[in-house]
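Notes follow once the structure below has been shown.
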Amino acid sequence: MARGRQGWTGGAHRGPAGPLGALSLAALAEDIQINRQGTGPSLGQPPQESESPAEPVTAPRMESLEPDTATGVLRNEPHSPKASDPEPQPWEPEQHPQCLLVPGSLADFAVQTVVCLEDAGISGTQALAFSLSSALDAQGGELPEKVREVVQGLHGQMTQLLEGRPRRVALRALCSLAAEHTSEVVQTLLSHSLPCDSAAAELWRGLSRNQRVNGLVLVHLLQEVKGPPQIQDPSPSSSPGLSPQLVKPQAQALAATRALGEMLAVSGCVAATRGFYPQVLIALVTQLHQLAWCAHSPQVQVKVRGPPPNHASCAVEALKALLNGDGGRMVVTCMEQSGGWRRLIGSRTHLEGVLLLASALVAHADHHLRGLFADLLPRLQSADKARRLTAMAFFTGLLQSQPTARLLRDEAIVQRLTAWQVDPEPTVRWLGLLGLGHLALNRRKARHVGTLLRALLGALGEADTRLVGAALGALRRLLVRPMAQAHVSAQCTSLGWRLRPLLDHDQDSVRASAIGLLGTLVGRCSPRRARAVRELVLGSLVTLLLRLQDPSLDAAESAEWTLARCDRFLGWRLLEEISAMVHYDSPEALSRTCRRLAQWYPGRASDFLSQAQGYLKSSQVPIRRVSAMFIGFLIHHMDPDCVSPGLVDSLLHDLGEMQWDAELCIRDVSHITMHQVRLVCRDQDSPRRGSFSPWKLLCCWGHRQDQEIPVYEDSPFKPKSRAALWGCGGPS
């Protein structure tokens, strides 16, 4: 009788009547060994040596696959013996192109085994591993190659099997083979997983549902995802090209990542990762780091057939499945709300995504923190840059958990983080500063405040904005600790003068953080340092007043908050004026403030004018406008004798250049301020400048009273309000 389906059934003729069960299948495998080696061992025993030649193997009993006349679908039809059936003939191997096999009939035997087990039920699965192993041994040659032939045959015919029991039996056959030869099965299926076709995806899911083999398969996939160190230095100079030896492991890791995603998506599979859950999590995040860099490095990209797959999305989905399967739905939700998944796949934001993931794990999945911490420590010294930086980011984020931070000695953590500050890589120094900030919140690390403070002060002079922002954030956390007040007071002067240049930083976030940190410093210093704090406040006063009109809303609010702390410290009672300037841009409030400053600090009036003059050339239009207004009001209220002629000439020169400004409001303000400066020049050149007399003093006072206060037009800029950002505008 002809074969039921080309490439799937193994023999050309039928054997004895009726389907084979598990025992018949085991006996068939044993008979193969007997025929090959010439002896007849009992079932389950190893074969003995024999000198008799092997006899031809007859084909096992098969069910015919006949097509339905109505639908054309192949169906299993039991065969009844007839008198006309010929005698069994020796089974000759046949080549099957669908399985892509070399001539050998080994895949045919595996398919016969699957069909025989269709009626054998679950009990037949126990005999399947022994049967296939016996057949593989009987074929001779290298065993791994024979296993790959069997898996190739199952994969090639998976799409042609009917839904239901035939596919379930085929998956049981694969699982039984994977229990004995896990590495060969995994390696064979990985060759069909980039891109992952439907047959390979179903086979991976079948392995995932089998609790006896899913753990073994996951361990092998984890090793493939880790792979050997590949990317030592992602700089074009040190890595001009990628050798073919590195392309293959990279492609193998991508295929393993896709396979992990298919397996972890099956409910209950995550339970098989109990012993190595942290390793899977770290491996997937590290794989995302490598993919993020490879996306911007064409020489490292792996070429696959078909449309370019989104490997990063597959890794993210695998990571989500891992977290959801372990009850970490809140971690996934937090990452979605904070944009953590988007940051993880970005080449420049990957480490920020790792930090967000670590924070979410600390908040909602702390039962894995100890395992993560233990697995991270060896990776901190890895030669692979992607692995090392990912481990450093995880280590930094986990320091937010105080129980986790207690796993290491305080000195060891502080020494490690301070050592990162001298690393030539800016990213490493940035992670170290973030770690110092997390460490500042730990009460048990109070004795290391001096070390932390010195390290953070040194980072304020960095050119990288990320480093400066991280240092400011860590200093703010350190200043609010009550136990750190003594150390902060000792470093008050040094910290204050290091903050002065940052008040005018180009980055809005850095500028706002520095202004807010100055206010915190004013409120946290001890009374014994009152003189140093007073000098610091007066040296920054003009900057704070002008920053009330900062285009950055955060910087303007930080300036308002800091001025309120300064008002409380020095007893100015100018809160009403400060609030009017920041919220309404009131010229009257600025005039009253300048009059108070001229009365309280007449000796510093020239310094105030010099500081304001530096902002006349600011790139921000509101700052240029308010600096010119400040000069006009202050020079109107102060004594002309307190202004040096050189300063007056310099002011007139800068204000004259502002007459050519592109903004009309700047030209109008500078014109009014120039008039006030010229009045000061006239007063300085008047004949009253000579010996002192009460009459001259009275005339001077009357002359100053006759001068009108400069009047400036309302600001053309809209008042700042959070309501516009929240979408809570007024009623229409």
Item checked: Computed E for Phe569/His368 - FRET, C-beta separation, R0 51 angstrom, nearest 0.05 -> 0.60
Note to self: Students sometimes get this wrong: rank Glu557, Glu708 by accessible area, probe 1.4 Å, all chains present, largest first.
What the structure shows: Glu708, Glu557
Margin query: How large is the convex hull of the C-alpha atoms of segment 587-684 per residue, in Å³?
Written below: 82 Å³
Check: What are the ³J(HN,Hα) values, in whole Hz, obtained from phi via the Karplus relation 6.51 cos²θ - 1.76 cosθ + 1.60 with θ = phi - 60°, for each residue of segment 549-560 in sequence order, with x given for Gly and Pro?
Finding: 9, 5, x, 7, 5, 5, 5, 5, 5, 5, 5, 4
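What FRET efficiency comes out for Arg596 versus Ala490 if R0 is 41 angstrom and r is the Cβ-Cβ distance? Round to the nearest 0.05. Each step should come with its number before you reach the end.
Numbers: r = 32 Å, r/R0 = 0.79.
Efficiency for this residue pair is about 0.80.
Quick one: length gained pulling Glu576 to Leu377 fully straight, 0.36 nm per residue minus the C-alpha distance? Can you show the working numbers first?
Working: separation 199, 0.36 × 199 = 71.64 nm, distance 5.46 nm.
Net length gain for the segment: 66.2 nm.
Multiply the residue separation of Leu457 and Ser644 by 0.36 nm, subtract the distance between their alpha-carbon atoms, and state the gained length in nm to one decimal. Please list the in-between numbers first.
On the way: separation 187, 0.36 × 187 = 67.32 nm, distance 3.70 nm.
Taking 0.36 nm per residue and subtracting the Cα distance, the gain is 63.6 nm.
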Item checked: Label-point gap, in nm, between Met330 and Arg348 - each point 7 angstrom along Cα→Cβ -> 3.4 nm
Margin query: For Met330, what accessible surface area do you get with a 1.4 Å probe? Give it in Å², rounded to 10.
Written below: 100 Å²
Margin query: Between Gln507 and Ser183, how high is the FRET efficiency from 1/(1 + (r/R0)^6) when r is the Cβ-Cβ distance and R₀ = 51 Å? Nearest 0.05.
Written below: 0.45
Next item on the list: Pull out the extension gain between Arg500 and Arg534, defined as 0.36 nm times the separation in residues minus the alpha carbon to alpha carbon distance; nm, one decimal.
Entry: 10.8 nm
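Ignoring ligands, DNA and RNA, how do His637, His368 rank by accessible area with a 1.4 Å probe, largest first?
Largest accessible area first, the list is His637, His368.
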Note to self: Give me the percent of accessible area attributable to carbon and sulfur for segment 587-684, probe 1.4 angstrom.
What the structure shows: 53 percent
Checklist line | Dimensionless Rg/Rh of segment 364-501 - Kirkwood Rh, Rg from C-alpha atoms | finding: 0.97
Next item on the list: Ignoring everything but the protein chains, give the 1.4 Å probe accessible area of Cys525 in square angstrom, nearest 10.
Entry: 20 Å²
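The values are calculated or read from the model by the stated rules, or taken from the named source; none is laboratory data. These numbers come from a predicted model, not from an experiment. Note that each Cβ is placed from the backbone with ideal geometry, even for glycine, and that neighbours are counted across all protein chains shown. Side chains included, ligands, DNA and RNA excluded: accessible areas come from the protein's heavy atoms. Shrake-Rupley method; radii C 1.70, N 1.55, O 1.52, S 1.80 Å.
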